[in-house]
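Asker: One structure coming up, written as C-alpha cells, with questions to follow.
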Amino acid sequence: MMFTVGVLIAIVSAASWAMGTILFEKIGKVMPAAGITFFKSALSVLLMLILMFVFGFEVPTGRQLLFLALSGIIGISVGDTLFFRSLQHLGVKMQVLYFILGQVLTVFLSYLFLGEILTLLQYIGALVVIAGVLLVIFDKQDNRPNKFKGIVEGFVAMICYSVSIILVKWVLDDVSAVTATFYRMLFSVVFVLVGGLFGKQVKVWMAPLKQKGTLALFVTNTVIVTYGGFLMSVVALKYIDVSVASILSTTEPLFTLLFAFLINKDKPTKKELVGAVVTFVGVLMMVIFQ
C-alpha cells in the first residue's frame, strides 16, 4: 500500500516539475538563470517555513546538516542554475532528454551507494518507461544556436541532481521530508546569494520581477515546484527506493507534452502519443511487479 502511495506521489512530483519547466522557460526569457535559482529558492524557504510551523520544527544533527547542505548546494544551487541555462539554450523538449539520462544515472548510483536492486520485471518496466519517453524526445528537435553549450549544461545538471538525491536519501530515515526540503533550500539560497553579492548581480536578477505579470507568474510557479516538485519528490523517497522514484520521474516529459498543448497550444504528434502509452505501460509494470 505504501509503495503505491509513493508511486502516486512520485508521479505528482513529475507532473509538477513538467509544469514548472514550461513556466520557467517563459521566465528564463527575461531573467538570468542564477536569478531564477535564487528567488525560487528564497521563496521556497518561506513556503517550507509555513509547513514547519504546522508540522513542527526538527533540528538535524551535524552529519545530517552536512548531507542536506551538500544536497542543496549541488542539486539546487548548481544543478538548477545549469538546468535553467540549458532550458534557455535547448527549449523544453530537447532539454528533457538529459533529464532522462539523469534518472538512469540515479538508478546506477542508488545501486552503487544504497544497494537498491529492482526485480527483473521492474527492470523491464523501467526499460519500457525509458523507451516510451525516448520515443517522445526523438520525435522532433529544434536547431538552436547554443545547442552544444546547452547539452553540456544539461548533462552536468543531471549529474548534480543525481548526486543530491543520493545525499538526501541518506538522512530521510531520521528527518521528515519537510525538514529535509527546508534545509536543502536554505543552504541553496545562502550559497547563491553569496555568489550574487560577490558578482554584484542581485540587482540585475531583481529587475525582471518589476515587469508586469512576471512576479505573479514567478510566485505561482515557485509554489508549484516547491510543494509539488521538491517536497513531493522527497516525500516519495520515504516510501519507495531512489531507483524506482527516478524511473517514475522519467514520466515528466509526457506531462510536459500535455501542459505544452494546454498552455502553448503545441499539439503532440502521433509518435509522441505512442510514447505516452508505452511509458504508461512501463509505469504500471513498476507498480504491479514490486
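The values are calculated or read from the model by the stated rules, or taken from the named source; none is laboratory data. The structure presented is a predicted model; accordingly, all values stated were derived computationally and were not measured. Using ideal geometry, Cβ is built from the backbone for each residue, glycine included, and neighbour counts are taken over all protein chains shown.
Asker: Among (1) in contact with a Phe, Trp or Tyr (Cβ under 9 Å, 6 or more places away or on another chain); (2) surrounded by fewer than 20 Cβ atoms within 10 Å (Cβ to Cβ); (3) closer than 23 Å to Glu252 by Cα; (4) of a type in the set (A, V, I, L, M, F, W, C), which single condition is Leu8 missing?
Answerer: Every listed condition holds for Leu8 apart from (1).
Asker: If you don't mind, another one. Just one of (1) in a helix (DSSP H, G or I); (2) at pLDDT 90 or above; (3) out of contact with any Leu (no Cβ under 9 Å at 6 or more places or on another chain); (4) not hydroxyl-bearing (Ser, Thr, Tyr) trips up Asp174, so point out which.
Answerer: (1)
Asker: Which members of region 244-271 meet the condition of being within 14 Å of Ile9 (Cα to Cα) and either surrounded by fewer than 23 Cβ atoms within 10 Å (Cβ to Cβ) or under 13 Å from the mean Cα position of the chain (by Cα) (or both)?
Answerer: Ala245, Ser246, Ile247, Leu248, Ser249, Thr250, Thr251, Glu252
Asker: Of the numbered conditions (1) surrounded by fewer than 20 Cβ atoms within 10 Å (Cβ to Cβ); (2) modelled with pLDDT of 85 or more; (3) in contact with a helix residue (DSSP H, G or I) (Cβ under 8 Å, 6 or more places away or on another chain), Val274 satisfies every one except a single condition; which is it?
Answerer: (2) is the only condition that Val274 fails.
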